[in-house]
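Just so it is clear, none of the values below were taken in a lab; they were calculated from the coordinates. None of the values given here were measured: they were computed from a predicted structure. Methodologically, a virtual Cβ is constructed for each residue, glycine included, from the backbone with ideal geometry; neighbour enumeration extends over all protein chains shown.
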Amino acid sequence: MDSQYWKEKWETGDTLFHLDRPHEQLVRHFPHVPNGKVMVPLCGKSNDLLWLRAQGHEVVGIELSSVACEAFFRENKISCERVTHGSVVKYESDGITLWCGNYFEVPASAWRGCTSVYDRAALIALPEDLRRKYAHHMIGMWREQAPQGSPIFLITVEYASETMGPPFSVSEDEIRTLYGAAFEIQKLNEQREQSLSQRPPKFTGIEVIERVHRLTRK
Ligand SMILES: C[S@@+](CC[C@H](N)C(=O)[O-])C[C@H]1O[C@@H](n2cnc3c(N)ncnc32)[C@H](O)[C@@H]1O
C-alpha cells in the first residue's frame, strides 16, 4: 500500500471513504474541545475540515494527493495560496492549511501550535507496519509540539478478517500498544455497523465495530 495506490484512487475517483457530510462522531464529540489548532492527518478532501473551521478552530491537514487538495479548495470555492517546500506543497487559506505530501516528510513546523488531532480513516488506512510508523511519528511530533493534556480523537474500525483493508481492522489492544505509553486512553463510543453505510462491497455481510477513542497526552 504505497503512495501510488492512494494517488490512483484519487485519480480514478475511487474514493468511497469520502463522506458528503461531517462525520457524526466528530459532530458529537468535538464540541467539547476548546477552540485551537486541529491537525487532521491523511485528510483527503474531507468535509470534516470545513466543519472544524466553522466551529472556530484553525485547521491543518496533511494529504498525499494533489488531486484531493485541489478538489477540496475548488469544490468549496475557497481561494488559497500554494507554496512549495521541497517535496511538499503548502496550500494556505483563511483558517485552513493543507500540506500536500507524504505524512512522514511534511516538516515538523506543520504541527507547531496544534492543540488537538482528529484522526478519521487515517490510522486504519495503513497496513500494520505503517501503522506503527505512523503512530511513532505522531507521538514524536506531539511530544515536541503539543501542550500536555492535548487530545487526539481516533476513530477506528475492527472486524474479523485482518487481510481486507483498507480500511484495516485495528483492535483496542493495538491502540493500547501503539499509544498507551504516551497517552491516557478513553473510549468515547463503540457501535456496530450504523455509520458504515459507505463500506466497500467487499465488507458486505461482515460485522464491523466502529470505535472512538480520546487519547490524552500524559
Ligand atoms: C481512507 S482516506 C481518508 C481520508 C479522510 N481522512 C476522510 O475521512 O475522508 C486516507 C487518505 O490518506 C491519504 N494518504 C495515504 N497515505 C498517506 C501518506 N503517507 N501521507 C499523506 N496522506 C496519505 C490518502 O491519499 C487518502 O486521501
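Would you work out the charge dipole size for the chain about its Cα centre, treating the Cβ of every Lys and Arg as +1 and the Cβ of every Asp and Glu as -1, and quote it to the nearest 20 debye? Could you put the intermediate results ahead of the total?
Details: 26 positive and 29 negative charges, 106 e Å.
The calculation lands at about 500 debye.
Among LEU52, PRO147, LEU123, whose Cα projects farthest towards the positive end of the dipole of the chain, with charges put on the beta-carbon of Lys, Arg (+1) and Asp, Glu (-1)?
Projecting each Cα onto the dipole axis, the largest value belongs to PRO147.
Could you tell me what percent of the DSSP beta bridges with both partners in region 60-104 are antiparallel, to the nearest 5?
Around 70 percent antiparallel, to the nearest 5.
In a shell of Cβ-Cβ distance under 9 Å around ILE209, excluding ILE209 itself, what net charge do Lys and Arg (+1) and Asp and Glu (-1) give?
Cβ neighbours under 9 Å give a net charge of -3.
How high is the FRET efficiency from LEU188 to ARG143, r the C-beta distance, R0 30 Å, rounded to 0.05?
Working: r = 23 Å, r/R0 = 0.77.
Plugging the Cβ-Cβ distance into 1/(1 + (r/R0)^6) gives 0.85.
For LYS218, give me every one of the lysines with a C-alpha distance below 26 angstrom, ignoring sequence neighbours fewer than eight places off in its own chain.
Correct list for LYS218: LYS37, LYS133, LYS187.
Can you show me the helix-derived [θ] at 222 nm for the chain, built from DSSP H runs with n ≥ 4 at -39,500 (n - 2.57) apiece and divided by the number of residues, rounded to the nearest 500.
-8000 deg cm²/dmol
Taking the DSSP beta bridges in region 59-169 as the whole, what percent of them are antiparallel, to the nearest 5? It would help to have the intermediate numbers written out before the result.
Values: 9 of 18 bridges.
Around 50 percent of the beta bridges assigned by DSSP in region 59-169 are antiparallel ones.
Give the relative contact order (percent, whole number) for the chain; include only Cα pairs under 8 Å separated by 6+ residues.
17
Taking the DSSP beta bridges in the chain as the whole, what percent of them are antiparallel, to the nearest 5? All intermediate terms of the calculation are to be shown ahead of the outcome.
Working: 26 of 42 bridges.
Of the beta bridges lying entirely in the chain, close to 60 percent run antiparallel.
Quick check: the distance between the Cα centres of region 66-101 and region 23-62, to the nearest angstrom?
A separation of 16 Å, based on Cα centres.
Using DSSP to define loop residues, name the trypsin sites (Lys or Arg not before Pro) in region 62-104 whose beta-carbon has at most 15 other beta-carbon atoms within 10 Å.
Filter output for region 62-104: LYS77.
When only Cα pairs under 8 Å and 6 or more residues apart are kept, what is the percent relative contact order across region 25-143? Spell out each step's value before the answer.
Numbers: 176 pairs, mean separation 31.6, N = 119.
Once normalised by length, the contact order is 27 percent.
Where in region 95-136 does the amide nitrogen come within less than 12 Å of the point 7 Å from the Cα of ASN76, taken along Cα to Cβ?
Counting only backbone N, you get 95-99.
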